Amino acid sequence: MIDLSVKIGSLCLKNPVITASGCYGVGREYGELYDPSKLGGIVTKTITLRPREGNSPPRICETAAGMLNSIGLANSGVGAFIRDDIPFLRKLECARIVSIAGEGLDEFAELIRRLDPLGEIDGFEINVSCPNVERGGLAFGTDPDVVGKLVDSIRPLTQKPLWVKLTPNVTDIVKIGKAAVDSGADALCAINTLLGMAIDIDTKKPMIGNVVAGLSGPAILPVALMKVFQLHTALPETPIVGIGGIGYPKDAITHMIAGACAVQIGSGQFPYPMLPLDTVAGIETYCVIKGLSKAQEITGSLILPVK
Amino acid sequence: MPFDTLSEVTAIQQIAEGTFRMILEAPEIAREAMPGQFAMVGFNSPLFDPFLRRPLSFSSAEFGRVEFIVRVVGWGTALLSDLISGEQIPILGPLGTPFPRPEGGAILVGGGVGVAPLLFAGARWKNPILLYGEANSEKLCHMHSVPCEIIIATEDGSTGLSGYVTDGLREQIDKCGGTVFACGPVKMMRRAYEIAAEMGVECYVSLEARMACGVGACMGCVIQTKDGYKRVCKDGPVFDAAQIDWEALDD
């Protein structure tokens with residue numbers, strides 16, 4: 001019997017597979033295909049204080065082994081989330097992580113104040129890839145001081161796990177990650193989408209209404225793996241949740257070998273809706289083949305060439 | 001409830017220029033599929049090229065098989081058209097909101113491969129009439145069996161009536177009344193809606209959009225309606241035409 005459970009700080013997951021924010025709603029739709037409680041956890045779509053309509057369509061576009069998206073954090077706001085989605089989350093027997101984003105520090109704080117008392121929430125994922133209105137729309141996640149201040153300001157407001165989801169669109173992801181951890185983040189999630197664009201040569205128009213968008217899918221796996229490896233090397237005591245480019249169960253295993261203690265699966269579900277569940281099975285099979293008794297033994301088991 | 005299955009291609013045949021009829025063995029999906037619903041049809045593409053599945057409306061669902069009409073417009077549809085009997089592809093369905101079943105008569109207006117869901121409706125509903133339009137006779141889908149009364153129009157007049165498929169709509173509404181169901185190019189659907197609205201009859205349209213998840217989770221396929229953005233995959237693909245912001249819709 002393989003022990004698939006993993007610990008991410010104080011939070012224990014029954015297995016290392018989590019669905020990524022924005023690709024899974026709160027689990028209602030994919031919940032018609034399989035029981036989300038079989039997963040280690042889910043991260044909800046990003047919730048904001050006020051409702052957001054989201055960006056003008058087209059919002060998605062297929063690219064080589066991946067896709068671009070610019071949804072614009074469309075959601076009905078925290079009030080509707082508490083009313084409509086919390087009752088659904090109550091029924092799930094897996095870790096329920098709520099992704100939150102604000103336009104300024106006060107909005108993040110207000111979101112935590114409203115959501116922290118709810119027993120249906122097991123932790124928060126801070127989405128720092130959204131534009132910071134106080135700083136002229138520049139993403140929060142691109143400046144270590146801003147990320148540090150943000151985590152400082154919300155850390156006292158909750159005892160629940162705080163995960164920070166890092167953007168790869170920076171020169172040094174380790175600096176940002178370190179700032180988050182120094183301010184009390186319990187785990188780092190890496191990576192969010194890479195910025196990109198696509199153009200129609202016939203109309204000469206961008207393929208996405210918002211012009212620029214986030215690239216995801218198997219095309220970004222090598223980038224994600226390197227970021228996870230860098231973070232794990234620099235911060236060996238910090239739990240890393242690996243995200244980016246998982247298209248097959250084996251890709252999740254590479255994230256873990258690189259240093260992730262758990263993984264999130266996002267757009268890989270679109271061509272392969274059962275991927276999260278198959279990844280749980282794949283990790284178990286891998287443990288059997290490699291003679292491991294615990295899935296957590298995979299984390300950071302990378303063998304580097306001898307110099 | 002949708003099912004994700006690996007389905008065997010039982011037949012694939014060319015029915016018009018660049019247009020194929022594809023039949024898949026998918027008993028659970030065929031049992032539940034309703035006219036207007038669709039499936040996310042995937043590929044055997046181990047390197048994720050193409051990455052996303054393609055949303056295709058059912059043109060028929062019976063005897064454990066589902067049928068689609070595929071027109072080659074890009075790499076994905078070209079791969080689908082190259083499939084041969086016996087190959088297996090992943091399909092997820094049935095998905096989306098079906099056409100509301102009409103209480104009185106139904107006038108179906110199909111342009112191009114938009115005729116697919118209307119063929120399904122034509123086979124399931126009582127005595128509808130189908131107006132089917134194409135650019136020319138080369139593109140006109142060859143029907144192995146016609147499910148209901150059908151009036152064909154081609155823009156160049158090479159087969160049937162000459163002109164747009166919507167040209168004959170007013171006369172049909174006059175003759176038998178009923179609800180209009182349209183699927184095809186945006187311009188065609190908008191025209192069908194305008195005629196229906198002028199004559200005081202209801203009109204439902206089935207829209208198309210690029211989709212990622214197909215189940216309502218990712219918010220990628222929205223269109224603008226009078227009640228804000230709506231997901232084509234979950235709130236649609238069938239919409240009350242009066243609810244759509246036609247100005248915002250690109251063809």
Across segment B:55-76, the tally of residues that are over 18 Å from B:Ala209 (Cα atoms), out of contact with any Leu (no Cβ under 8 Å at 6 or more places or on another chain) and buried (at least 22 other Cβ atoms within 10 Å of the Cβ) stands at 1
In the set A:Ser99, A:Ser129, the lone residue that is within 30 Å of B:Thr225 (Cα to Cα), assigned to a loop (DSSP other than H, G, I, E, B) and within 19 Å of the chain's Cα centre (by Cα) is A:Ser129
The condition of being more than 9 Å from every other protein chain (Cβ to nearest Cβ) and surrounded by 22 or more Cβ atoms within 10 Å (Cβ to Cβ) holds, among A:Gly25, A:Gly41, only for A:Gly41
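Out of everything in segment A:46-55 that is in a loop (DSSP other than H, G, I, E, B) and more than 8 Å from every other protein chain (Cβ to nearest Cβ), what residue ends up being surrounded by the fewest Cβ atoms within 10 Å (Cβ to Cβ)? I'd like the intermediate steps shown before the answer.
At the first step, the residues of segment A:46-55 found to be in a loop (DSSP other than H, G, I, E, B) are A:46, A:48-51, A:53-55.
From what is left, the residues that are more than 8 Å from every other protein chain (Cβ to nearest Cβ) are A:46, A:48-51, A:55.
Numbers: A:Thr46: 22, A:Thr48: 23, A:Leu49: 19, A:Arg50: 12, A:Pro51: 15, A:Asn55: 21.
For segment A:46-55, the residue satisfying everything is A:Arg50.
Considering only segment B:136-154, I want to know if a residue exists there that is in contact with a Pro (Cβ under 6 Å, 6 or more places away or on another chain) and either surrounded by fewer than 19 Cβ atoms within 10 Å (Cβ to Cβ) or part of a loop (DSSP other than H, G, I, E, B) (or both).
Residues of segment B:136-154 in contact with a Pro (Cβ under 6 Å, 6 or more places away or on another chain): B:148.
Those still in the list that are either surrounded by fewer than 19 Cβ atoms within 10 Å (Cβ to Cβ) or part of a loop (DSSP other than H, G, I, E, B) (or both) too: B:148.
Yes; the residues of segment B:136-154 include at least one that is in contact with a Pro (Cβ under 6 Å, 6 or more places away or on another chain) and either surrounded by fewer than 19 Cβ atoms within 10 Å (Cβ to Cβ) or part of a loop (DSSP other than H, G, I, E, B) (or both).
Restricting to segment A:176-191, name every residue that is without any contact (Cβ under 8 Å) to a residue 60 or more places away in the chain, within 14 Å of A:Lys149 (Cα to Cα) and not in a loop (DSSP other than H, G, I, E, B).
Step one: list which residues in segment A:176-191 are without any contact (Cβ under 8 Å) to a residue 60 or more places away in the chain, which gives A:176, A:178-185, A:188, A:190-191.
Applying the additional criterion that residues be within 14 Å of A:Lys149 (Cα to Cα) yields A:176, A:178-185.
Matches in segment A:176-191: A:Ile176, A:Lys178, A:Ala179, A:Ala180, A:Val181, A:Asp182.
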>> So, A:Leu73, is that one within 11 Å of chain B (Cβ to nearest Cβ) and either touching a residue at least 40 places away in the same chain (Cβ under 8 Å) or part of a strand (DSSP E or B) (or both) or not?
In response: yes
In segment B:212-237, anything assigned to a loop (DSSP other than H, G, I, E, B), within 9 Å of chain A (Cβ to nearest Cβ) and surrounded by fewer than 24 Cβ atoms within 10 Å (Cβ to Cβ) is listed as B:Gly216, B:Lys234
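Starting from residues that are aliphatic (A, V, I, L, M) and under 30 Å from B:Gly214 (Cα atoms), keep the ones in segment A:272-291 and report whichever is farthest from the other protein chains (Cβ to nearest Cβ). Explain how you work it out, then say what you get.
Step one: filter segment A:272-291 for residues aliphatic (A, V, I, L, M), giving A:274-275, A:277, A:280-281, A:283, A:288-289.
Filter once more, so that each one left must be under 30 Å from B:Gly214 (Cα atoms): A:274-275, A:277, A:280-281, A:283.
Details: A:Met274: 6, A:Leu275: 10, A:Leu277: 10, A:Val280: 16, A:Ala281: 15, A:Ile283: 20 Å.
Step by step, filter segment A:272-291, then rank; the result is A:Ile283.
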Of (1) under 23 Å from A:Met67 (Cα atoms); (2) surrounded by fewer than 19 Cβ atoms within 10 Å (Cβ to Cβ); (3) touching a residue at least 40 places away in the same chain (Cβ under 8 Å); (4) of a type outside the set (Ser, Thr, Tyr), B:Leu79 satisfies every one except (3)
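For segment A:89-106, indicate whether the set of residues that are touching a Lys or Arg at 6+ places or on another chain (Cβ under 6 Å) and of a type outside the set (Val, Ile, Thr) is non-empty. Working first, answer last.
Of all residues in segment A:89-106, those touching a Lys or Arg at 6+ places or on another chain (Cβ under 6 Å) come to A:89.
Next, from what is left, pick out any that are of a type outside the set (Val, Ile, Thr): A:89.
Yes, the conditions are met somewhere in segment A:89-106.
Each reported figure results from applying straightforward, stated rules to the coordinates on display, with no laboratory input. None of the values given here were measured: they were computed from a predicted structure. No Cβ is skipped: glycine too gets one built from the backbone with ideal geometry, and neighbour counts run over all protein chains shown.
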